[in-house]
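Novice: Before I ask anything, here is the structure I am working with.
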Amino acid sequence: MTIEKIISILDCKILNLDVSTDSSVDSVYATDLMSDVLANCKKGSLLLTILSNLQSVRAAEMTEVQVVCYVSGRQPKPEALAHGKKKQMTILTTDYSMYRACSLLHDAGLKE
């Protein structure tokens with residue numbers, strides 16, 4: 001699923017406009033435990049999380065995740081956003097809860 005479609009489905013705000021939204025992700029991984037991301041998140045996934053500190057972006061970087069979406073209206077901390085921009089990650093935010101975001105993405109065909 002393209003990042004552009006994800007942005008549309010979740011009514012996301014793009015926090016770093018320097019990246020392309022034409023690329024795509026193969027799956028979604030939703031968690032607030034960064035140890036879980038490191039152990040189980042697949043390369044090329046979309047990471048949904050409420051954890052807005054630097055560790056969320058570092059965990060994504062270590063697992064080769066290029067798209068992080070903060071749910072429930074959360075905004076990444078300035079150092080997290082800066083690191084994401086530096087690594088050319090797509091950083092998004094949505095007002096939807098994690099449950100609702102997962103449900104909408106699943107209904108649109110994006111799987112775990």
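Novice: Express the relative contact order of the chain as a whole percentage, based on alpha carbon pairs under 8 Å and six or more residues apart in sequence.
Specialist: Once normalised by length, the contact order is 31 percent.
Novice: Need one number for the range 1-62: average projected area of the convex hull over its C-alpha atoms, nm². Let's see the in-between values first.
Specialist: Working: hull surface 17.0 nm².
Taking a quarter of the hull surface, the average projection is 4.2 nm².
Novice: How big is D for the range 3-102, in µm² s⁻¹ as a whole number, if Stokes-Einstein is applied with the Kirkwood radius of its Cα pairs at 20 °C and 1.002 mPa s?
Specialist: Result for D is 166 µm²/s.
Novice: Per DSSP H run of at least 4 residues, take -39500 (n - 2.57); add these up for the chain, divide by its residues and hand me the 222 nm value, nearest 500 deg cm²/dmol.
Specialist: That calculation yields -10500 deg cm²/dmol at 222 nm.
Novice: Let me check I've understood the local charge: for GLN75, count other residues with C-beta under 15 angstrom from its C-beta, Lys and Arg +1, Asp and Glu -1. What total comes out?
Specialist: +2
Novice: Of all DSSP beta bridges located in the range 3-102, what percent are antiparallel, nearest 5?
Specialist: Bridges in the range 3-102 are about 15 percent antiparallel.
Novice: What spacing in nm lies between the two simple spin-label points modelled at LYS77 and TYR99, each 7 Å away from Cα in the Cβ direction?
Specialist: Once both label points are built, they end up 2.8 nm from each other.
Novice: In debye, nearest 20: dipole of the chain around its Cα centre with unit charges on the Cβ of K, R (+) and D, E (-)?
Specialist: The calculated dipole for the chain is roughly 220 debye.
Novice: Holding the Cα-Cα limit at 20 Å, pick out from LYS13/LYS85; LYS13/LYS42; LYS42/LYS77; LYS77/LYS111 the pairs that are longer than that. Intermediate values should be presented prior to the final figure.
Specialist: Numbers: LYS13/LYS85 15 Å; LYS13/LYS42 24 Å; LYS42/LYS77 24 Å; LYS77/LYS111 28 Å.
The pairs that break the limit, which is 20 Å between Cα atoms, are LYS13/LYS42; LYS42/LYS77; LYS77/LYS111.
We did not get these values from a lab; they are worked out from the coordinates using the rules stated. For clarity, every value in this text was computed on a predicted model and none was experimentally measured. Heads up, the Cβs are rebuilt from the backbone with ideal geometry, glycines too, and the neighbour counts pull from every protein chain shown.
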